[in-house]
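The structure under discussion appears below in the form of structure tokens.
The values are calculated or read from the model by the stated rules, or taken from the named source; none is laboratory data. Model, not experiment: these values are computed from the prediction. Quick reminder, even Gly has a Cβ in these numbers, built from the backbone with ideal geometry, and neighbours come from all protein chains shown.
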Amino acid sequence: MNIQSNTFERVLTSVKGLYVKTEGVIDRIGDNKLKRSLLWILTVFLCFSSILFLNILTPLISDDFAYLFIYGENVRVASVGDIVRSQINHYYQWGGRSVAHFIAQVLLLLPAYFADLLNTLVYLGYVFLIYFHITGRGKGSLSLFIFINIAIWFMQPVFGDTVLWLTGSANYLWCTFLILLFLIPYRFYKGNRLNITGQILAPTGLFLLGIIAGWTNENTAGAMILIVVFFFIYYRSYTWKIPGWAIAGLLGAIIGYAVMILAPGNFERAGESAFGLPVIAYRLFNCTLTFFFYSGTLILSCLVIYILYYRFPVGERKDKLKLSIIYSIAAIAAVYAMLFSPTFPRRALFGVVTFLIIGAGILYYNLDFSQKFLRQIRLSIIAIGFISFIFTFYLAAKDINIFRNIMKEREVRIELAKRQGAAFCEFERYEGSTYIHGEDPFSEELMTRHYGIKIRLKGRD
């Protein structure tokens, strides 16, 4: 018993010693501007290279094969003009996400390496926008930047569907990037008045950006409009004047959202499903179930941060709570906006998780880290998170590479079958994983059109 006790004490002493040394190194880096800048550059580079590597590995799948063609026609997209025609067809025949699918078709038209690079840069932009929504005009925090990346990697339910899959990233990553970009001026506004040039240009710019952001994604764009309204209430609580550019942006967002929602294609599809009290009750249950099942860990993490902030705040507690609540309520609103959709795919939680990360991040950023206890928690989470990321990144790369090799093998077999005059090719359907989208029921038809031979996908035995 004494031997076990002594061993435990030695391990505990070693861990404490390691923590003290690590904190000392961090303090020395923090006091040196050059070292601090180099550490920032290294962290951003690691983030960029990791996502770029996964983007390069990820092949075309499912809807990607649909958007290689003009929507509703058997003509391959060859120019931006074709994409415009495709989106007009899409608007009248299927739905109003014209901005998202325009981006998707542009990415698919570009050389693969360039599309992968753009997708990675937008991911970095998305991370930095979350960062600035959290910090506002506050000082830099590398630990916050690391926390954001860890949260996105582990808390987004289907990272591959929303960040790596080209059509999925256009619908979720790119659209959320546009929404956060539109909201940045509202977050930064502190009652200050613009100069004459700004007063002329800002309303026009925000109005146009508002139309684009409102025309992106049903539940996240709806939550975005709610955030703007909450910011107006926030401004009035400090007796700040609501500026003209803010009103112009809101009007643009409402117009863009209306154009998306009122697309004739939406009504064509809406006629396919009933909408009564039992349906509403079921969807309410399903929305709640999906939210807690896939975001339960994040919700609990947010609760812990709220409790810690209540005990260890820095600055004006009431102000930071107001800002945090704005994003948190918007996240919940984005969940229940899915009541109007017959299904609630996991990828639709992308904007929800984003707003929850911002809401919790605002409180995390304003914790009193002069408390040793909080610094120990911060360092422990970063260390465990980084180690966990390394192992899960390996699994992600392995999963994606397996499917990449499957697609290469399929293409060889397809070319051979076409040369031999075969009537069809049959493959095992790929079900997907957290890191790569699976093949949908309509993938057979899309792949048949793309490859020029009948494709059959059989389920696993």
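Is it the case that some residue within segment 261-282 is under 23 Å from the mean Cα position of the chain (by Cα), surrounded by 19 or more Cβ atoms within 10 Å (Cβ to Cβ), among the aliphatic types (A, V, I, L, M) and under 27 Å from Val228 (Cβ atoms)? Checking segment 261-282: not a single residue is under 23 Å from the mean Cα position of the chain (by Cα), surrounded by 19 or more Cβ atoms within 10 Å (Cβ to Cβ), among the aliphatic types (A, V, I, L, M) and under 27 Å from Val228 (Cβ atoms). In segment 267-292, the residues that are under 14 Å from Ala337 (Cα atoms) and of a type in the set (S, T, N, Q) form Cβ pairs under 6 Å with partners that are at pLDDT 70 or above and surrounded by 11 or more Cβ atoms within 10 Å (Cβ to Cβ), at six or more places apart or across chains, as follows: Asn286/Phe344; Thr290/Phe344.
Quick one: which residue in Leu457, Leu379 is more than 21 Å from Phe159 (Cβ to Cβ), more than 26 Å from the chain's Cα centre (by Cα) and either at pLDDT 95 or above or not charged (D, E, K, R) (or both)?
On the way: Leu379 fails: more than 26 Å from the chain's Cα centre (by Cα).
Of the residues listed, the single one that is more than 21 Å from Phe159 (Cβ to Cβ), more than 26 Å from the chain's Cα centre (by Cα) and either at pLDDT 95 or above or not charged (D, E, K, R) (or both) is Leu457.
Assess whether Ile414 counts as being under 26 Å from Asn74 (Cβ atoms) and among the hydrophobic types (A, V, I, L, M, F, W, C). Spelling it out, Ile414 is indeed under 26 Å from Asn74 (Cβ atoms) and among the hydrophobic types (A, V, I, L, M, F, W, C). Exactly one residue out of Ala248, Ala202 is more than 25 Å from Ile362 (Cα to Cα), over 25 Å from the mean Cα position of the chain (by Cα), buried (at least 16 other Cβ atoms within 10 Å of the Cβ) and at pLDDT below 95: that is Ala202.
Screening the candidates Leu416, Leu395, Leu446 for the property of being under 22 Å from the mean Cα position of the chain (by Cα), in a helix (DSSP H, G or I) and among the aliphatic types (A, V, I, L, M) yields one hit, Leu395.
Examine segment 428-435 for a residue that is assigned to a helix (DSSP H, G or I), among the hydroxyl-bearing types (Ser, Thr, Tyr), within 27 Å of Asp161 (Cβ to Cβ) and more than 20 Å from the chain's Cα centre (by Cα), and state whether such a residue exists.
No, the conditions are met nowhere in segment 428-435.
Of the residues Gly168, Gly198, Gly160, which is assigned to a helix (DSSP H, G or I) and in contact with a strand residue (DSSP E or B) (Cβ under 9 Å, 6 or more places away or on another chain)? The unique qualifying residue is Gly160.
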